[in-house]
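Comments concern the structure below.
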Amino acid sequence: MKPVESSAKPGKNGDAVTVESVADILYRESQTLIAEWLRRVEKESDLMSIPMNRKDRTGHLPHLIHDVIKRLRLDAGTKAPISKAAAQHGDLRRKQGYTVAMMVEESRLLQVSIFTVLHDNVTQLEFNALLPDVVTIADEVDAQLKEQMLRFMAADAAKKITGK
């Protein structure tokens, strides 16, 4: 997924500042976003109670972020596809021993991290689309969490039926 063309606007000192869409900033800053999310997760003792290496803890994020960016680039009124990455993440976290509350916390930290990265890039933001994009981000991350929970609960139900 490549960024779309950006434009320029005058900065405080008269120099041109590149203006980018929210999707382009998230694309460009995806590694920073993952690092920000991990920094926040590492402060949460309940999340850190499940021992994992960095790859296992963050491996799902590039896919979820990609889905957020893809959703931001959809034409208005287009129905968003269900995130397969979110479903897989729900299965994985259940196998790793997460609770529902832990998955909700991870999702909350993803939203906070996304908004932190956008705030850190505020001078490059295309403001006329910012609020609708924030709503889209919140909706997409919540839809991903819903898909994670559906898979998590389906696995729990299957375990009760099979005893495995």
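If you go through the stretch 95-116 one residue at a time, do you hit one that is closer than 30 Å to Val19 by Cβ, surrounded by fewer than 17 Cβ atoms within 10 Å (Cβ to Cβ) and of a type in the set (Gly, Ala, Ser)?
No, every residue in the stretch 95-116 fails to be closer than 30 Å to Val19 by Cβ, surrounded by fewer than 17 Cβ atoms within 10 Å (Cβ to Cβ) and of a type in the set (Gly, Ala, Ser).
Say whether the condition of being in contact (Cβ under 8 Å) with a residue 12 or more places away in the chain, surrounded by 19 or more Cβ atoms within 10 Å (Cβ to Cβ) and under 16 Å from Ser107 (Cα atoms) is met by at least one residue in the stretch 15-33.
yes
Go through (1) loosely packed, with under 14 Cβ neighbours inside 10 Å; (2) touching a Phe, Trp or Tyr at 6+ places or on another chain (Cβ under 8 Å); (3) of a type in the set (Lys, Arg) for Lys84 and report which single condition fails.
Failed condition: (2).
Values quoted throughout were computed directly from the atomic coordinates according to the rules given, and no laboratory measurement underlies them. In this text the structure is predicted, and so the values were computed from the model without any measurement. Because the Cβ atoms are built from the backbone with ideal geometry, glycine has one as well, and the counts that use them run over all protein chains shown.
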